Amino acid sequence: MPVCAIPIQPIKLMGVFLVEMMSGAAMVVRALKDVGVKHVFGYPGGAVLDIYDALYAQEDVQHILVRHEQAAAHMADGYARATGQTGTVLVTSGPGATNTITGIATAYMDSIPMVVLSGQVPSMHIGEDAFQETDMVGCSRPIVKHSFLVKRAIDIPEAIAKAYYIANSGRPGPVVVDLPKDTVNVQENHPYRFPEKVQMRSYNPTIKGHLGQIKKALKVLLKAKRPIVYVGGGAIACDASPLVTELAEKLKLPVTNTLMGLGAFPGDHPQFLGMLGMHGTVQANKTMHNADCILALGARFDDRVTNNVQKFCPHAQIIHVDIDPASISKTINVHIPVVGSVKTVLTQFFEQMHEIDENERKDQLHDWWEQIEAWRSRDCLAYAKDSGLIKPQQVIESLYKHTQGDAFITSDVGQHQMFAALYYPFAKPRRWINSGGLGTMGFGLPAAMGVQVAHPDAVVACVTGDGSIQMNIQELATCLQYGMPVKIISLNNRALGMVRQWQDMNYKGRHSHSYMDSLPDFVKLTEAYGHVGIKVEKPEELDDAMARCFALKDKLVFMDIAVDQNEHVYPMQIKYGAMDDMRLSKTERS
Amino acid sequence: MRRIISVLMENEPGALSRIIGLFSQRAYNVDSLCVAPIDDSSLSRLTITTQGDDKVIEQITKQVNKLIDVLKISDLTEGSHVERELMLVKVGTRNENSRAEVKRTVEIFRGKIVDVTPKNYTIELTGTSDKLDAFVQTIGQTGEIIELSRTGVCGLSRGEKAMRP
């Protein structure tokens, strides 16, 4: 069945069409405007030339020309994470479309709203192995929330309206709209009707929590002697941060954020225990493991959090608030599930809560907090500073200082990602942007560019490494074209640090193909792209260099920082252990 | 444990592939699958027989329900239900004796002979999967099975319970 079954007849009155007539290509651009899209990240090609023609000489939708389609998807992703608005990608058929696959999968794993408009060969040639034909709907099927293959031009407005509705409601995610070339033909005009409201009988996400479950959850939470709040990306997706903070402060609850949830609860708050999980802090993982009640808010008990599920938090009653029922009891059995958006459910919590006596709460949790502070006093993030080499942790601390802790930080994947997550306490949501679920190297730079497009005046830094940055370094050209003053903080350890760390720990230090033996001169490379490069090799130069970098407000600056190659990320959970079985350094265990 | 899951979904291109894709993507098992449009031709009803413990079935149900094209899903095996499967089987008959024996077996199983040649019978049989299995086993002893085709299970809940949009 096509999306819209009845062809719309244009109504002609005194020689004037009441319904606007336009080509399919013009409809695409118009529908984007009508859903409120301001920026599109893309790359032209044969199947989308008509759409690109419609984009020409109009001001409603700004197009940003990337250098590789994967980067377009990451930019749209970064844009969406920083704003909460759906990111938009426009690519041609075949290789243009398949190049976005990694970007779509990245967004899918982290539940990021994104719409990918892909060109397709003309309908009559689908299935003929035509030039630049791939089955994009099929290729992307396991990594999209939904997809559309548009069959007729008049179906375009509805398909686009639905795509944006689906992408950014319920548990957000990427949606693909595949547009065969004949549907966007500029030679043919069709009536344009944009649906006023999108309604789908098969799609009605649950936003409000079940009252009975909420009452049950509150009873357990208020009674708990050793509670903890475990906050994930779901709390950021629905902008629930102020409510999370209010709840934690009112009830004096300790809070931990997941990698995806950093910033949902302020990183500089005294009740914050740091990130939890594989590279979580001792206090966060110990508090989780010993808790008698865990309130999980928009988190999904991912394997990078739980460690061995058999040994996971043996004493805890688990309350799980999540918009996606399929996330509940998927890996860990939950005692009190509440399906709904974190924001709405927390609002319901407050409605059901009676007067809270803050002193009583303090007394009730006194012993628990004393225990937590004892764990915290271990200072698990301390590191040796006297080696004469620049420590990666030190770079992040310097970055924090020079951005007053208020920048948008994107990261790639590896050791630098964990250092950034642990040593930059994010005080606000949507400031920490990383590929948490898929772990996509090459994400950081284009994501930072997407953030910069959304917030042209904000300070945006990409924390990366010598491995990751080379996976999308071509985008330095895009940065020049659009004047994006992104700051690239590259922790250069001449190796794939996280791979090397695992090889040190589990493979007797056999560094199989984890070295980078022929690195380019990043400073010269950056200069060749028309930007500023700064090389830093000594610890005493670091602060000055960082200051210089952020003083160059209108310039892209690439900081090539030579860091200690032998540094490991700690703490680190021990495989097959409980949450709090951790290595604290190369020699100590928890 | 064997389960029969019924799904009501939009009768749209790609909807079936999404469900099948989900099963392979999440490593769920599919024993049989049967799908066709219902009285409202904008909808299809799909019946999947699968294996899994309660936890696996819960996940299958939730993940399938999450697909945008899916309206309703229910596990028929949770309550009392009627299930049927249709089979067509072509059986070679060597001699008069075997022709008579096959015919008798078909009668016992309340099947129908729907096509006849001097050398074979084509038999139609409906029933539960167990009954069809039993027939296949019995007929294999009297005649030679040339080919067979089964539809997979379809089913409905008993009584008032129904799955409507």
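The values are calculated or read from the model by the stated rules, or taken from the named source; none is laboratory data. Everything numeric in this text was worked out from a predicted model, so none of it was measured. Here the Cβ positions follow ideal geometry from the backbone for every residue, glycine too, while neighbour counts run over all protein chains shown.
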What are the residues in segment B:9-42 that are at the interface with chain A (Cβ under 9 Å from one of its Cβ atoms) and more than 25 Å from A:CYS139 (Cβ to Cβ), if any? B:SER41, B:SER42
Which one is nearest to A:TYR203 (Cα to Cα) among residues in segment B:71-108 that are polar (S, T, N, Q) and outside any helix (DSSP H, G or I)? B:SER74
State whether one or more residues within segment A:83-96 are among the aliphatic types (A, V, I, L, M), surrounded by fewer than 24 Cβ atoms within 10 Å (Cβ to Cβ) and within 25 Å of the chain's Cα centre (by Cα). no
Residue list for segment A:97-141, filter: more than 14 Å from A:VAL177 (Cα to Cα), within 14 Å of another protein chain (Cβ to nearest Cβ) and of a type in the set (Val, Ile, Thr): A:ILE126
Considering only segment B:43-55, state which residues are over 21 Å from the mean Cα position of the chain (by Cα) and either among the acidic types (Asp, Glu) or away from chain A (no Cβ under 11 Å) (or both). B:ASP54
Within the bounds of segment A:438-447, is there any residue that is touching a residue at least 60 places away in the same chain (Cβ under 8 Å) and at positive phi? yes
I'm trying to understand the selection: among the residues of segment A:188-206, which are within 19 Å of B:LEU71 (Cβ to Cβ) and either in the same structural domain as A:MET21 (by TED's automatic domain parsing) or in contact with an Asp or Glu (Cβ under 7 Å, 6 or more places away or on another chain) (or both)? A:SER202
Filter segment A:157-201 for residues that are of a type in the set (Ser, Thr, Tyr) and farther than 16 Å from A:ASP34 by Cβ; the one that is farthest from the other protein chains (Cβ to nearest Cβ) is A:THR183
Taking segment B:114-137, which residues are in contact with a helix residue (DSSP H, G or I) (Cβ under 6 Å, 6 or more places away or on another chain) and under 11 Å from B:ARG150 (Cβ atoms)? B:LEU125
Within segment A:365-382, residues within 19 Å of A:TYR570 (Cβ to Cβ) and either in contact (Cβ under 8 Å) with a residue 24 or more places away in the chain or acidic (Asp, Glu) (or both) come out as A:TRP375, A:ARG376, A:ARG378, A:ASP379, A:CYS380, A:LEU381
In the set B:VAL82, B:VAL91, the lone residue that is more than 20 Å from the chain's Cα centre (by Cα), among the hydrophobic types (A, V, I, L, M, F, W, C) and over 17 Å from B:LEU33 (Cβ atoms) is B:VAL91
Would you be able to say whether some residue in segment B:99-109 is hydroxyl-bearing (Ser, Thr, Tyr) and surrounded by 16 or more Cβ atoms within 10 Å (Cβ to Cβ)? yes
Result of the Cβ filter at 6 Å on segment B:135-147, keeping first residues that are in contact (Cβ under 8 Å) with a residue 60 or more places away in the chain and partners that are outside any helix (DSSP H, G or I) and loosely packed, with under 13 Cβ neighbours inside 10 Å, at least 6 apart or interchain, is none
For A:HIS568, only one of the following conditions fails: (1) surrounded by 14 or more Cβ atoms within 10 Å (Cβ to Cβ); (2) out of contact with any helix residue (DSSP H, G or I) (no Cβ under 8 Å at 6 or more places or on another chain). What is its number? (2)
Suppose the filter is at negative phi, touching a Phe, Trp or Tyr at 6+ places or on another chain (Cβ under 8 Å) and more than 14 Å from chain B (Cβ to nearest Cβ); does A:LEU297 pass it? yes
Considering only segment A:328-382, state which residues are within 14 Å of another protein chain (Cβ to nearest Cβ) and either at negative phi or in a helix (DSSP H, G or I) (or both). A:ILE328, A:LYS330, A:THR331, A:ILE332, A:ASN333, A:VAL334, A:PRO337, A:VAL339
Looking only at segment A:142-156, filter to residues that are out of contact with any strand residue (DSSP E or B) (no Cβ under 7 Å at 6 or more places or on another chain) and not β-branched (Val, Ile, Thr); which one of those is nearest to the other protein chains (Cβ to nearest Cβ)? A:PRO142
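Okay, residues lined up against (1) more than 14 Å from chain A (Cβ to nearest Cβ); (2) among the basic types (Lys, Arg); (3) closer than 20 Å to B:GLN137 by Cβ; (4) touching a residue at least 40 places away in the same chain (Cβ under 8 Å):
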{"position": "B:VAL64", "(1), (2), (3), (4)": "no, no, no, yes"}
{"position": "B:LEU76", "(1), (2), (3), (4)": "yes, no, no, yes"}
{"position": "B:MET87", "(1), (2), (3), (4)": "yes, no, yes, yes"}
{"position": "B:GLU96", "(1), (2), (3), (4)": "yes, no, no, no"}
Taking segment A:306-327 and keeping only residues that are away from every other protein chain (no Cβ under 14 Å), in contact with a strand residue (DSSP E or B) (Cβ under 8 Å, 6 or more places away or on another chain) and under 21 Å from A:MET278 (Cα atoms), one is left with A:ASN307, A:CYS313, A:ALA316, A:ILE318
Determine which member of the set A:THR281, A:THR287 is touching a residue at least 12 places away in the same chain (Cβ under 8 Å), of a type in the set (Val, Ile, Thr) and in contact with a helix residue (DSSP H, G or I) (Cβ under 7 Å, 6 or more places away or on another chain). A:THR287
Looking at segment A:200-214, which of the residues that are among the small types (Gly, Ala, Ser) and without any contact (Cβ under 8 Å) to a residue 24 or more places away in the chain is farthest from B:PRO165 (Cα to Cα)? A:GLY212
